Amino acid sequence: MEPIIGIDLGTTNSEVACIIDSNARIIENGDRGILPSCVGLDPDGKIIVGVEAKNQAVIAPERTILSVKRLMGSDDKIVLDGNAYLPQEISAFILKALKARAEKDIGKPISKAIITVPAYFTDAQRQATREAGAIAGLEVVRIINEPTAAALAYENTNSETRKILVYDLGGGTFDVSIVKIENKIVEVLASTGDNKLGGDDFDRKIMDALADHCETNLKLKVKDNLTIMARLRRAAEKAKITLSAEPYAKIEEDHIGKKLLKAVHLSYELSRTQFEEMIEEDVTKTNDAVSKALKDASLLPSDIDKIILVGGSTRIPRISSMLEERFGKKPHGEIDPDLCVALGAAMQSGREMGMDNSSVLLDVTPYTFGTSAVGELNGMPAMTMFVPLIHRNTKLPARRSEAFGTIVDNQIGTDIRIFQGEKPDALDNIEIGMYKFKLTKAPAGSVIVLNFDLDINGILKIRAVEKMSGKHVDAVIENAFSAFDEKEMVASRKKIDSEWSEGNEDILGTDFQPQTEDNDTSSSQDITPETASILEKSAALLDTVTDEEKDDIINLMEDIRDAAEEKREDDVKKLIGELEDILYYYQD
Ligand code: AMP
């Protein structure tokens, strides 16, 4: 049967996909399968499409056109070096380039396609898209809505009735749609958005902060200098992308300007928290649009079965956390958000070709991996709050970093504990590694950055870096996926617990006190039995005191442990005295 290709004809980028061996696959061409939606004439008058055209956009804007999708359906003429084109003719060049890469990959001529368009496209815009296909030599078998395609990419094999929210945040546009899938029919219930909101705005915010820094701190005039501003914009986008995986981004631009004939360099650090503050207003706007879509579809957040992330900007962690806060469920981004719509279009082409059970082949992590930290559990302070770094269903390979602060002044070390699981208390998850990290003495709150790198074979590489000194420890867990099956763990824990209580009631009482990084005193050989006993009594008090007192007690316990490990006996005595005073007060 003649293949039908699926095409996402996007404002910034376009992609083509096809069903091969029952799986939807993006057709690559020495790239990730992403073709910039950019058309130009080279200096010899030859049409160029994609990266080549994008590269000349700055130096030859009169010969290059970007974002032609915004003009589809209009009669506007596009002039390239004196030649006039209609929007559908320019789009046809993009479609021709996609058709050519598919023919090269599949090894057959292709004449049929399914093309996606935004749900809000008018009839005239849809008709212009069909015409673009015809001009490119493609019969457009169907035009489908982008959110419909995204929903199909996730749900093609599911036969239940589902309501899906598709949150699509790209470079320049934001769309939110609610679709219903019932008996294999997909219907768009509501669609709204903002066609001037996206990642470009976030870049601009970072760029403005960099420009202010240059003018105020480096005393350089940059805001009227287009070349410098273009450099700052590129640096801003790079930093933004880094912050999706790391808690800090370092922006270094050498020779950004000159002062008194000497080169001035830009060096600026941006934290994820600062970036999130910069974009919060835009994030709130998208949240308001989500409310509007729900209202238009007469639905409540609890009616939504699944949230799907589409568009490159949904990789920003704040977007997922905002949606999770709103809906109480994690949004899905495991199908590459840049490729999801084209893969869904291919899924529809599979249906047209009679292959109903095609699906997207995915490499995702089956487990969540994270660490433990001091935090809150059920509104109470806790020493073992689970902090996930790489969530279940994240596409592999995956890389994620998170920043943590030390708890006390001059902390001499910490245990980096690695867990697999979903439970809020890390101790209810499966511990798959524990590494000691000796720290440089510094005030409480000194930053340690923990980085997880997980590949498709389940090899988890861990690096903890002391931010201040750059000192680090590395560890590798060779088989993180099969470290310990959860069922096995539950069974084994039950067994151990019952055996323990059968023989040891008289030793420990009924409550088994888990040992954590912060209250594990018995393992240290430097701590005397008397000190251990006082520490144990103090730990038992923690549940009965106020938050402030709890912090004081924990700090004192930490100080005692540190002093004991460093053999500062006088300090140990003095600190124990302080702790005993507290115990005395409470025992009364
Ligand atoms: P799209 O229009 O869907 O191709 O999305 C392009 C936008 O996604 C651009 O603004 C990119 O800078 C942004 N983007 C791509 N990858 C990331 C990332 N990892 N984190 C944040 N933004 C990203």
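What number of residues within segment 105-118 are within 19 Å of LYS180 (Cα to Cα) and either open to solvent by 30 Å² or more (accessible area, probe 1.4 Å) or in a strand (DSSP E or B) (or both)?
Going through segment 105-118 one residue at a time, the tally reaches 2.
For segment 283-300, which positions are of a type outside the set (Ser, Thr, Tyr), more than 19 Å from GLU155 (Cβ to Cβ) and either part of a strand (DSSP E or B) or open to solvent by 10 Å² or more (accessible area, probe 1.4 Å) (or both)?
Of everything in segment 283-300, those that are of a type outside the set (Ser, Thr, Tyr), more than 19 Å from GLU155 (Cβ to Cβ) and either part of a strand (DSSP E or B) or open to solvent by 10 Å² or more (accessible area, probe 1.4 Å) (or both) turn out to be LYS285, ASN287, ASP288, ALA289, LYS292, LYS295, ASP296, LEU300.
Please return the ranges of strands (runs of 3 or more DSSP E) entirely within segment 131-245 where 1 or more residues are within 20 Å of the chain's Cα centre (by Cα). Before the answer, list the steps.
Values: elements: 139-145, 162-169, 174-182, 185-194.
By residue number, 162-169, 174-182.
Just checking, which of GLU466, GLU499 is surrounded by 12 or more Cβ atoms within 10 Å (Cβ to Cβ) and either at pLDDT below 60 or among the charged types (D, E, K, R) (or both)?
GLU466
Okay, residues lined up against (1) closer than 15 Å to THR414 by Cβ; (2) at pLDDT below 90:
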| site | (1), (2) |
| --- | --- |
| ALA426 | yes, no |
| PHE437 | yes, no |
| ALA442 | yes, yes |
| VAL449 | yes, no |
| HIS472 | yes, no |
| GLU478 | no, yes |
| ASP485 | no, yes |
| GLU488 | no, yes |
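State whether the residues of segment 192-199 include one that is modelled with pLDDT under 90, within 16 Å of the ligand (Cβ to nearest atom) and farther than 21 Å from ALA297 by Cβ.
There is at least one residue in segment 192-199 that is modelled with pLDDT under 90, within 16 Å of the ligand (Cβ to nearest atom) and farther than 21 Å from ALA297 by Cβ.
Restricting to segment 28-38, and then to whatever is open to solvent by 80 Å² or more (accessible area, probe 1.4 Å) and closer than 16 Å to CYS340 by Cα, can you tell me which residue is nearest to the ligand (Cβ to nearest atom)?
Within segment 28-38, the match that is nearest to the ligand (Cβ to nearest atom) is ARG32.
Determine which member of the set ASP224, ASP208, ASP212, ASP200 is open to solvent by 20 Å² or more (accessible area, probe 1.4 Å) and touching a Gly at 6+ places or on another chain (Cβ under 7 Å).
ASP200
Give me the pairs: first residue in segment 434-461 and of a type in the set (S, T, N, Q), second residue buried (at least 16 other Cβ atoms within 10 Å of the Cβ) and part of a loop (DSSP other than H, G, I, E, B), beta-carbon distance under 7 Å, and six or more apart or on different chains, which are they?
These pairs meet every condition: SER446/THR406.
Out of segment 242-258, which residues are free of Cβ contacts under 8 Å to residues at least 40 places away in the same chain and open to solvent by 30 Å² or more (accessible area, probe 1.4 Å)?
The answer is THR242, LYS250, GLU252, GLU253, ASP254, HIS255, LYS258.
When residues of segment 295-313 are filtered for being among the hydrophobic types (A, V, I, L, M, F, W, C) and within 16 Å of the ligand (Cβ to nearest atom), how many remain?
As a first pass, look at segment 295-313 and keep what is among the hydrophobic types (A, V, I, L, M, F, W, C): 297, 299-300, 304, 307-310.
Within this subset, residues satisfying the condition of being within 16 Å of the ligand (Cβ to nearest atom) are 308-310.
Number satisfying all stated conditions: 3.
Anything in segment 170-182 that is more than 16 Å from the ligand (Cβ to nearest atom) and touching a residue at least 24 places away in the same chain (Cβ under 8 Å)? List them, or say none.
ILE178, VAL179, ILE181
Return yes when LEU98 is under 22 Å from GLY170 (Cβ atoms), at pLDDT 95 or above and of a type outside the set (Gly, Ala, Ser) and no when it is not.
yes
Scan segment 259-277 residue by residue and report those that are hydrophobic (A, V, I, L, M, F, W, C) and crowded, with 18+ Cβ neighbours inside 10 Å.
Across segment 259-277, the qualifying residues are LEU266, LEU270, PHE275.
Being charged (D, E, K, R) and away from the ligand (no atom under 16 Å from the Cβ) is the filter; apply it to segment 1-27 and report the residue that is least open to solvent (accessible area, probe 1.4 Å).
If we filter segment 1-27 for residues that are charged (D, E, K, R), which is where we start, we get 2, 8, 15, 21, 25.
Next, only the ones that are away from the ligand (no atom under 16 Å from the Cβ) stay: 2, 21, 25.
Numbers: GLU2: 72, ASP21: 135, ARG25: 96 Å².
Ranking the qualifying residues of segment 1-27, first place goes to GLU2.
How many residues are closer than 24 Å to THR116 by Cβ and open to solvent by 90 Å² or more (accessible area, probe 1.4 Å) if we restrict to segment 39-84?
Residues that pass the stated criteria total 4.
Identify the residue in segment 150-169 that is at pLDDT 95 or above, within 16 Å of the ligand (Cβ to nearest atom) and of a type in the set (A, V, I, L, M) and, among all such residues, is farthest from SER37 (Cα to Cα).
VAL166
Report, ordered by the first and then the second residue, all pairs with beta carbons closer than 6 Å, sequence separation of six or more or different chains, a first member in segment 304-322 that is aliphatic (A, V, I, L, M), and a second member that is within 8 Å of the ligand (Cβ to nearest atom).
Qualifying pairs under 6 Å: LEU309/PRO337; VAL310/ASP168; VAL310/PRO337; ILE316/SER244.
The values are calculated or read from the model by the stated rules, or taken from the named source; none is laboratory data. Computed from a prediction, not measured in an experiment: that's the story for all the values here. Here Cβ is always computed from backbone atoms with ideal geometry, including for glycine, and neighbour counts include all displayed protein chains. When the accessible area is computed, the model is the full protein with side chains, heavy atoms only, and any ligands, DNA or RNA have been set aside. Shrake-Rupley method; radii C 1.70, N 1.55, O 1.52, S 1.80 Å.
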